[in-house]
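Each reported figure results from applying straightforward, stated rules to the coordinates on display, with no laboratory input. Here the structure is a predicted model, which is why all the values come from computation and not from measurement.
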């Protein structure tokens, strides 16, 4: 599985956050104006996924077992739901 989801370009057209799925884990790319952070988390290290829905966009909160939570912003509600479903499918395997 090599799926990739990007945040909406409306809120941050030059630096959208990204979620990339691999065979062993997920990479979360959180971008800012002058820096970006890549976080790779093995599926087995994820203890939960939360979605906070706004009026238009959603925030995805990943809760790893032994590190601080990862927050990625401005995803469409459909993409946020799909990201959560894909992660939970792999976590339960």
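Some points to look at:
- Degrees, to the nearest 10: 77-92 long Cα axis against longest axis of the chain: 20
- Gaussian network model of the chain, springs between alpha carbon atoms under 10 Å - residue of 55, 41, 19 with greatest fluctuation: 55
- Here the contact order of segment 31-93, divided by its residue count and restricted to Cα pairs under 8 Å and six or more residues apart, works out to 28 percent.
- Computed over the alpha carbons of the chain, Rg followed by Dmax gives 12.4, 38 Å.
- Selected from 17, 38, 79 as most flexible by GNM, with the chain as the system and alpha-carbon contacts under 10 Å: 38
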